Structures are given as structure tokens and as C-alpha cells.
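Everything below concerns the one structure shown next.
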Amino acid sequence: MSEVIDLTKTRTLELKPSMTHDEMVSAYNADIPIYGFHGGVEVDASTLSAPVPSEWPSSSESWEDEVHHKTFAEYCQTYPSKNAGKALLKVGYVDANKNRPYPVDNNEFRLWADHFGIDNLKTKSEFQSLKAEIEE
């Protein structure tokens, strides 16, 4: 396996690199940096209202003398899961408009993996298969 996995590198007509769940776990365990991770984690719906750990980047906002600690619903993109009572959190901080201002770097990926457990993180394809189909 390579020394660094960078999923942000791509050319116009080239498919973005991807990884399997086993490759992700192996890279994590071997301390190989992973940049540009696309995926998420399935959690109990109650996790949406839980506070984001304070060591995570942009986990709080300050207004004058008040500090607001973000919940997971405020911190990242969330989706309903097709599994009852569950929700999906997409790895990566989002701004107030729910846009991801930058790709997930290795440090943020490892914060998510350490907090939720590397075996619980889902690759992009696993994450997509868990998203509930919402009728419009």
C-alpha cells in the first residue's frame, strides 16, 4: 500500500480514486494518511443533537460573550437512513450554508474514525446504499 492515500487528486477525464472498507481500515491501522475521504457513519438519530467534541475544528462558534457548541446536525451534512431510528452523518465540517468548504484532511478523518470507530465508518458506496430514498 502507498505511503499516502489522496482521494482529492484527479484529472478532468479521470475517475476519482476510491477505496473499499477493508482498504480504509488497513490504511487507518497502518497510520497511512487519507485525504479527501468521502463517506460517513450511521448513528442513532439521537446523535444528531449530541455536541461535537471540542477538539474538532470549528466545533463551536462565538458571539460576543457567548460560545455555542455545535451539535452533529449543525456540524455536518445529515441524511435519513433506510434503517429505522438511524441517521447518516457525512464525514466533514460544513459551513452555515451546509457546504463543505474544503476536502476532509487526514486529521479530520482520524477524529471521526477515533470517535465513532474505524469499523463503523462507511465508504462512499456503503454510505450511499444506506441513504433512504425520499419521495418528492
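Taken together, the residues in the stretch 72-124 that are exposed (fewer than 15 other Cβ atoms within 10 Å of the Cβ), modelled with pLDDT of 90 or more and under 15 Å from V52 (Cβ atoms) amount to 3.
Every listed requirement among (1) over 20 Å from A132 (Cβ atoms); (2) touching an Asp or Glu at 6+ places or on another chain (Cβ under 6 Å) is met by K86 save one, (1). The residues of the stretch 59-90 that are touching a residue at least 24 places away in the same chain (Cβ under 8 Å) and either among the hydroxyl-bearing types (S, T, Y) or touching a Cys at 6+ places or on another chain (Cβ under 7 Å) (or both), listed by number, are T78, Y79, S81, L89, K90. At least 3 residues being closer than 18 Å to G36 by Cα is the threshold, and among the helices (runs of 4 or more DSSP H) wholly inside the stretch 49-136 those reaching it are 106-116, 124-130. Scanning the stretch 19-48 for residues that are more than 26 Å from G85 (Cα to Cα), assigned to a loop (DSSP other than H, G, I, E, B) and hydrophobic (A, V, I, L, M, F, W, C) yields M19, A30, I32.
The values are calculated or read from the model by the stated rules, or taken from the named source; none is laboratory data. In this text, all values refer to a predicted model and were calculated from it rather than measured experimentally. Cβ atoms come from the backbone with ideal geometry, glycine included; neighbour counts cover every protein chain shown.
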